[in-house]
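Report on the structure given below.
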């Protein structure tokens, strides 16, 4: 027989699940009068307050709940969720971990822990968490799709494909399934199959990857038909800009660029050593990060004889990089306000809200980075923390180009520019611009802080 207290909790949870937050909060507050020491009721009040946007207040109620019942796994999980929402991912991980210790068969906590780990760059551990979540709840949609995404990100695309195939056979109908299935197929070169998934997906960004697949298959007619339609719809995205530039080089067909006309002219290099104490403001905090035991690295197919950090450095090392973060945002604002590029679409449609996504790239002797552009960025940048003495004038320099010369039909005609870089240089350029590095020969280590302006 269900007692009165349990019935009250169930009624409150039903109201909450139905989206009746105001009513749930009113009744929950009333219920605390009769049940002042009920951790579960306090947990429900906190959850409702979070959903209503009352972040500070909800944390107080979660804390009250845990004082009464320290082993309440739901409250630890919920505190972790709030911490994630506040971009406090290290604290979030601690809370999710505690919830899982208290209840190992807690699929929501395992999934949330996996998401937090993936954001801070611990992709392999994230995969393990998603597996734990699915062990407890095999049909958990969020865990299934997150599992597939994580597998793709660590280069296990074939396993990801199996995961997304399973999702397609399920009762769930979600554009994210098709989009991420398409990404996995795209990464293994199955462009035709990927196209089908991007067509089925109704997500806006799927259209850009569909266009890229058509381009890589060399279907000029279909590519230009899709491109023209996107331009007519006033679409603005770096992938569109990059593909327009590449098509002009490979197919000798000039199309109005919807992102940035002549991105090479919109490349800017700034010598920060003339404006700041570079050793104190930049070298010192980066050196501190590189010596950190918590620093993780990701597999980077484009990088030879070097390493790239995983996760967003500006989140993972917020305090350490606060000064650099502020300086970069100021320099980006100077770049954005320049009258010479005010009519470019990527400036006119600058994202109202954005964050800086940063990572470190270190290279040893003969290290290099292959041609690429940044799909998810808006504006890209690289800050040269250390450029060792060069054995040749072009050694280790940055090259910006309109096309990947390795794939171009006319590699000798590929429009490009060699940028001579040194310690202290900051380079800013549209995310649509392809770039790579010339191998450098030096006994020292080349260190670059790369970053993107990413729309929220």
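The values are calculated or read from the model by the stated rules, or taken from the named source; none is laboratory data. Just so you know, these numbers come straight off a predicted model, no measurement behind them. Backbone-built Cβ (ideal geometry, glycine too); neighbour counts: all protein chains shown.
Among the residues of region 324-338, those that are within 17 Å of residue 277 (Cβ to Cβ) and surrounded by 15 or more Cβ atoms within 10 Å (Cβ to Cβ) comprise 324, 325, 327, 328, 331. Determine whether residue 260 is out of contact with any strand residue (DSSP E or B) (no Cβ under 9 Å at 6 or more places or on another chain) and more than 20 Å from residue 438 (Cα to Cα). No; evaluated as a whole, the condition is false for this residue.
The set of residues from region 423-456 being at pLDDT 95 or above and more than 28 Å from the chain's Cα centre (by Cα) is empty. Residues in region 97-123 that are assigned to a helix (DSSP H, G or I), farther than 16 Å from residue 142 by Cα and modelled with pLDDT of 90 or more: 97, 98, 99, 100, 101, 102.
With respect to (1) in the same structural domain as residue 424 (by TED's automatic domain parsing); (2) assigned to a loop (DSSP other than H, G, I, E, B), the lone exception for residue 252 is condition (1). Please verify whether region 126-141 includes one or more residues that are under 17 Å from residue 316 (Cβ atoms) and touching a strand residue (DSSP E or B) at 6+ places or on another chain (Cβ under 9 Å). Checking region 126-141: not a single residue is under 17 Å from residue 316 (Cβ atoms) and touching a strand residue (DSSP E or B) at 6+ places or on another chain (Cβ under 9 Å). Report, by residue number, each residue of region 298-335 that is in a helix (DSSP H, G or I) and either in contact (Cβ under 8 Å) with a residue 40 or more places away in the chain or touching a helix residue (DSSP H, G or I) at 6+ places or on another chain (Cβ under 6 Å) (or both). Answer for region 298-335, where residues must be in a helix (DSSP H, G or I) and either in contact (Cβ under 8 Å) with a residue 40 or more places away in the chain or touching a helix residue (DSSP H, G or I) at 6+ places or on another chain (Cβ under 6 Å) (or both): 313, 314, 315, 316, 323, 324, 325, 327, 328, 331, 332, 335.
Where residues in region 345-358 are touching a helix residue (DSSP H, G or I) at 6+ places or on another chain (Cβ under 6 Å) and in a strand (DSSP E or B), which of them is surrounded by the most Cβ atoms within 10 Å (Cβ to Cβ)? In this case the residue turns out to be 358.
For region 48-71, the criterion of being at pLDDT 85 or above and either surrounded by 15 or more Cβ atoms within 10 Å (Cβ to Cβ) or within 29 Å of residue 135 (Cβ to Cβ) (or both) is met by at least one residue. Inside region 230-266, residues that are under 12 Å from residue 402 (Cβ atoms) and touching a residue at least 12 places away in the same chain (Cβ under 8 Å) make up a count of 15.
Within region 359-375, if we keep just the residues that are touching a strand residue (DSSP E or B) at 6+ places or on another chain (Cβ under 6 Å) and in a loop (DSSP other than H, G, I, E, B), the residue that is surrounded by the fewest Cβ atoms within 10 Å (Cβ to Cβ) turns out to be 370. As for region 266-273, it holds at least one residue that is in contact with a helix residue (DSSP H, G or I) (Cβ under 8 Å, 6 or more places away or on another chain) and either in a helix (DSSP H, G or I) or outside the structural domain of residue 341 (by TED's automatic domain parsing) (or both). In this entry, residue 295 is excluded by the filter for residues that are in contact with a strand residue (DSSP E or B) (Cβ under 9 Å, 6 or more places away or on another chain) and either closer than 19 Å to residue 428 by Cα or assigned to a helix (DSSP H, G or I) (or both).
All told, residue 374 meets the bar of being modelled with pLDDT of 90 or more and touching a helix residue (DSSP H, G or I) at 6+ places or on another chain (Cβ under 8 Å). Checked against the criterion of being farther than 19 Å from residue 360 by Cα and under 28 Å from the mean Cα position of the chain (by Cα), the candidates 257, 277 yield just one match: 257.
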